[in-house]
Each structure stands twice: as C-alpha cells, then as structure tokens.
Amino acid sequence: MIKVKLAIITGASKGLGASIARRMMTEGTGVISVSRTENPELAKLAAENHVFYAQYFCNLSSPDELESVFSKLTALLQEKQPETVYVYNNAGVIDPIGTAGNLNHEALIQNANVNLIAPIMISNILLREVSSDMVIVNITSGAAERPIQGWSAYCSTKAGINMFTETAALELQTAGSSHKIIAFSPGVMDTDMQGTIRSSAKESFHDLEKFQAYKEKGMLRDTETVANALAGLLHKEIESGKVYYVNDLI
C-alpha cells in the first residue's frame with residue numbers, strides 16, 4: 001500500500017486556510033477541508049496535483065455537529081491509513097467586538113466554540129482515534145499575549161488555545177507519543193477578518209484607526225506568504241508545545 005500524507009484544515013475555503021490547502025497540495029499532500037462552504041478551486045487543484053481531496057461541511061460553533069462530522073472523518077482516516085496527518089485548526093471568529101458589559105452573549109458563545117472548544121475537541125478526537133503520526137497546528141494570535149480593548153473574547157480564547165497547546169504537548173511527551181502539537185501566530189493578514197475589524201464602531205474597538213492604517217499603508221501580509229512560511233517551518237524539526245511567530249520565519 002502506498003503511504004500518503006493528509007492535511008485536515010478547518011476554514012479551508014478561504015483566507016489562510018485556502019492558502020495552506022493550496023501549499024499542501026503542491027507538496028503532494030492530500031487535503032480534507034472542514035468548513036461551512038466549499039472552494040471549488042481546491043477540488044480542481046487536487047485533481048491537477050493528483051492528490052486526495054474531500055470536503056466535510058461543518059458549523060464548528062456546534063459541538064454536536066463537529067462530533068458527528070469528525071466521526072465520519074476518522075472513519076475515512078482509518079480506511080486511508082495515511083503515513084502522516086497534519087491538522088490545521090485554522091478557523092476562527094473575531095466577533096463579538098465590544099467592551100465588557102456590552103457583549104452579545106450568542107456571539108460570545110460562538111466565539112468560544114469556534115476559537116477554543118472546536119480545536120480542543122478536534123485534537124481530542126484525533127488523538128484518540130488516529131494511529132498515524134500527527135502534527136497538530138493551532139492557529140493563534142498575538143492577541144493571546146496582550147490585552148486589546150474590544151477584543152476580550154478573542155484575546156481570551158486565543159490565550160486558551162495557547163495553554164491547551166502547551167499542556168497537550170506536555171501530556172504527549174509524558175506518554176512517549178510521536179505526535180506533535182504547536183501553535184502558530186500568523187500576524188496581521190489581508191483577510192475577511194481584517195475587513196470585519198475595520199468596520200467596527202470606534203466605541204467598540206479602541207484601536208480602530210491603527211487597524212484601518214494597516215490596510216491603507218499596505219502593511220497586511222497576503223495569506224500565501226504566511227502559508228509558505230508555515231509549511232517551511234513544518235519541514236524542520238519543531239518543538240512540541242511551542243508558539244511559533246511568522247515574524248521569526250520571514
């Protein structure tokens with residue numbers, strides 16, 4: 001049986017997720033996209049590069065839906081028996097943007113589910129069910145390490161994913177596991193999320209002008225550059241539990 005490499009990417013239909021998917025395919029790695037929408041370009045690119053591609057539609061803010069989708073996904077992995085599985089917990093939401101005391105609770109719960117609970121659940125399911133060597137990459141943010149007024153939900157969930165990464169890595173090391181888990185901070189990129197940030201109300205987001213200036217002055221990196229930096233990192237010996245920063249790689 002020919003051993004293959006597969007990448008599971010949440011939020012793969014656009015932004016950084018789509019750029020990671022494209023890079024993986026050009027390296028000969030198959031892609032399993034987990035997202036609410038499909039990017040037809042990915043199926044076409046997979047065919048051109050003769051690699052496996054599958055799309056699983058999933059609303060990551062629903063733990064029940066996530067559990068159902070990943071039970072099917074793990075069955076596929078057990079059938080394919082890949083040599084290596086890369087897991088990119090990339091999907092994320094910035095809302096609610098607002099000060100404490102003015103947060104929408106529905107948006108707050110969605111933020112926690114997508115940014116924190118989903119990556120932990122996905123990691124938990126795959127570490128339990130998959131025997132292939134795994135590299136789990138949790139996409140984090142500089143906001144995990146500093147308070148940004150108006151982003152209390154986003155800062156808190158990203159700080160949580162950093163701590164989960166460090167703790168899980170310690171547990172894997174203690175167990176003598178070959179799996180690795182890291183966090184990757186991609187910096188400010190030209191994505192839909194940045195558009196959401198720039199359209200915030202000034203009273204909700206203290207640093208609004210700063211983020212508007214990032215776009216106006218061309219300071220936002222394109223997602224292809226960031227995805228290539230991340231792929232280059234994974235070709236090296238990585239330290240499980242570490243938070244890697246794109247600015248140190250470019």
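The values are calculated or read from the model by the stated rules, or taken from the named source; none is laboratory data. Everything numeric here is computed off the predicted structure, so don't read it as measured data. Quick reminder, even Gly has a Cβ in these numbers, built from the backbone with ideal geometry, and neighbours come from all protein chains shown. Keep in mind that these areas ignore ligands, DNA and RNA; they rest on the heavy atoms of the full protein, side chains included. Shrake-Rupley method; radii C 1.70, N 1.55, O 1.52, S 1.80 Å.
Can you pull out every residue in segment 139-158 that is of a type in the set (A, V, I, L, M) and either in a strand (DSSP E or B) or modelled with pLDDT of 95 or more (or both)? Listed by number, the residues that qualify are ILE139, ALA144, ALA153. Criterion first (in a loop (DSSP other than H, G, I, E, B), open to solvent by less than 40 Å² (accessible area, probe 1.4 Å) and either under 20 Å from TYR88 (Cβ atoms) or at pLDDT below 95 (or both)) does ILE161 satisfy it? Spelling it out, it is not the case that ILE161 is in a loop (DSSP other than H, G, I, E, B), open to solvent by less than 40 Å² (accessible area, probe 1.4 Å) and either under 20 Å from TYR88 (Cβ atoms) or at pLDDT below 95 (or both).
Inside segment 223-241, can you point out the residues that are in a loop (DSSP other than H, G, I, E, B), open to solvent by 30 Å² or more (accessible area, probe 1.4 Å) and touching a helix residue (DSSP H, G or I) at 6+ places or on another chain (Cβ under 8 Å)?
Residues of segment 223-241 that are in a loop (DSSP other than H, G, I, E, B), as a first pass: 235-241.
Checking the rest, the ones that are also open to solvent by 30 Å² or more (accessible area, probe 1.4 Å) come to 235-237, 239-240.
The answer is SER240, and nothing else.
Against the conditions (1) touching a Phe, Trp or Tyr at 6+ places or on another chain (Cβ under 8 Å); (2) outside any loop (DSSP other than H, G, I, E, B), ILE94 satisfies every one except (2). Checking each residue in segment 13-28 for being hydrophobic (A, V, I, L, M, F, W, C) and either part of a strand (DSSP E or B) or touching a Phe, Trp or Tyr at 6+ places or on another chain (Cβ under 8 Å) (or both) picks out ILE20, MET24, MET25. Close contacts from segment 124-151, counting a first residue that is closer than 22 Å to GLU239 by Cβ and a second that is surrounded by fewer than 19 Cβ atoms within 10 Å (Cβ to Cβ) and of a type in the set (Asp, Glu), with Cβ to Cβ under 9 Å and a gap of 6+ residues or different chains, come to SER132/GLU83; ASP133/GLU83.
Checked against (1) more than 24 Å from ILE122 (Cα to Cα); (2) of a type in the set (Lys, Arg); (3) surrounded by 17 or more Cβ atoms within 10 Å (Cβ to Cβ), LYS202 meets all criteria but (3). In segment 21-47, of all residues being in contact with a Leu (Cβ under 9 Å, 6 or more places away or on another chain) and closer than 24 Å to SER62 by Cα, the one that is surrounded by the fewest Cβ atoms within 10 Å (Cβ to Cβ) corresponds to ARG36. For segment 122-132, the criterion of being at pLDDT 95 or above, among the aliphatic types (A, V, I, L, M) and either outside any helix (DSSP H, G or I) or open to solvent by 50 Å² or more (accessible area, probe 1.4 Å) (or both) is satisfied by at least one residue. The sole residue among ALA183, ALA213 that is surrounded by 18 or more Cβ atoms within 10 Å (Cβ to Cβ) and out of contact with any Leu (no Cβ under 8 Å at 6 or more places or on another chain) is ALA183.
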